[in-house]
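The structure appears right after this line, and notes come after that.
The values are calculated or read from the model by the stated rules, or taken from the named source; none is laboratory data. If you're wondering where the values come from, they're calculated on a predicted model, not measured in any experiment. Using ideal geometry, Cβ is built from the backbone for each residue, glycine included, and neighbour counts are taken over all protein chains shown. What goes into the accessible areas is simple: the full protein's heavy atoms, side chains included, and nothing from ligands, DNA or RNA. Shrake-Rupley method; radii C 1.70, N 1.55, O 1.52, S 1.80 Å.
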Amino acid sequence: MRYLPLTRADRAAMLEAIGASSVDELYSDVPEGALLDAPVDLPSHLGEMQVERDMMALASKNIGASSVPSFLGAGAYRHHVPATVDYIIQRGEFLTAYTPYQPEIAQGTLQYLFEFQTQVASITGMDVANASMWDGATSCAEAVLMACRATRRKKAVLSGGVHPHYREVTETYCQYSDTEVAGRDGNPEQQASVEELNDLIDDQTACVVVQYPDVFGRVQDHTQLAEVCHAKGALLVVVFTEAVAFGAIKSPGSFGADIVCGEGQSIGNALNYGGPYVGLFATTQKLVRQMPGRLCGETVDQDGKRGFVLTLSTREQHIRREKATSNICTNSGLCSLAFTVHMSLLGEDGYRRLATLNHENACKTADALDAVSGVTVVNDSFFNEFTVKLSKPAAEVVETLVSKGVLGGVPLSRLYPNRSDLDHYLLIAVTETNTDEDIAALVDALKEALA
């Protein structure tokens, strides 16, 4: 389809048809203070070639995570993405496809979404998964709203180990549904105990939300917490930011989680300055009708041939708005396809080997850093991400590391800007992409920065 801009005559005809005297009249309901009184302060339009040159000059100032040793994480991880993934998702039938509003003619799309759901349900240990959400943070928020619907309660308890960005998104969602969000601040050197969370659970608590592994990288079995939640009529929601972890640690379903949600970027989706990413969402069969988003199912046609359908689609586009479970109008289709292709290439054995490589690399790095003067690894458990305490403020150290060509991790002060008690803590993520040379470069740069 060609792009054909409207002429002045076209615009005048459209305005006349709707009874408006000018384009400005269309914005009459916007508060006066929200409208600009002058053009945006940007350079005048340029030719295409000059724009490309200017944008390339800006891009050249970036330090890419793939061009230097990188140990960044905190919810977005650098993993190797096979070339096959990019090749397949750029095929015309996938790249140009959109939400299958007429599912009977979108069998290819429905099939890969069905496979995607199967993979997500398998790695999380849950009964059923949906056809994806926007990202991990909105998945967390939707899980809380779902728990409130299912229990008819209006309180959510969030562990201090939940990523602060996920918590902020959840609070934003909940403020419009009169849902209380409770919890205490996280501590990188002390996990929230079952007793501590138990004190916050009352007869109005819809769910308790924990992250696994948590934002500080710790891995904790939540079997006892699940029992406490269920005894009090609350649901256990398990959030994750690193989908590769389930190749090595217990699945959330194995210790009694009711809803599992999080970010699937780690598999098939490269770092992309924050997105687009893909939210994963899974639950038990008992709660399936409260699940947001869409669910693809397998069936047979009138000739007995295998086919796929939208089994459940409780979105406001398909049913009355007040009956909808969510206002998520679509799914991250292309990103979920990338996830599916990568998982299919790995297979179960490859997925487990990938997780093992991540953990081994992280252990190697933690041991090397713990031997550096001024560095203390505070985790007693982790998968591929852990927290260290430095003798100097972490943000200052990270800037020094950048000047030495190393992206040394994420200072907790960046995630928690209002908590001075976390200024000396640094979150370090290690994946299969980090070489022995990368680890050595990090160690050497830290020694210099802390000297």
Hz values of 3J(HN,Hα) by residue in the range 373-389 - Karplus curve (6.51, -1.76, 1.60), Gly and Pro given as x: 5, x, 10, 10, 6, 9, 6, 9, 8, 6, 9, 10, 9, 8, 10, 10, 9
Can you pull the one-decimal nm distance between simple spin-label points at THR84 and THR172, each 7 Å off the Cα toward Cβ? 3.7
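Please work out the average accessible area per residue across the chain, using the 1.4 Å probe convention, and give it in Å².
On a per-residue basis, the chain sits at 51 Å².
Within the chain, which is the longest segment that contains none of the chymotrypsin sites (Phe, Trp or Tyr not before Pro) sitting in a DSSP loop with at most 13 other Cβ atoms within 10 Å? Let's see the in-between values first.
On the way: sites that count: TYR3, TYR98, TYR101, TYR176, TYR273.
It works out to 274-451.
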Fraction of beta bridges assigned by DSSP in the chain that are antiparallel (%, nearest 5): 60
Viscosity 1.567 mPa s, temperature 4 °C: what is the translational diffusion coefficient of the range 344-451 from Stokes-Einstein with a Kirkwood Rh over Cα pairs, rounded to a whole number of µm²/s? 90
I'd like the GluC sites (Glu not before Pro) in the range 104-143 restricted to DSSP loop residues with at most 10 other Cβ atoms within 10 Å, sorted by number. none
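Of all the accessible heavy-atom surface of the chain, with the other protein chains kept in place and a 1.4 Å probe, what percent is carbon and sulfur? Let's see the in-between values first.
On the way: 11850 of 22900 Å².
C and S fraction of accessible area: 52 percent.
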Of all the Cα-Cα pairs you can form in the range 159-242, what percent are over 20 Å apart? 30
Would you please calculate the Kirkwood hydrodynamic radius of the chain over all C-alpha pairs and express it in Å, rounded to one decimal? 24.1
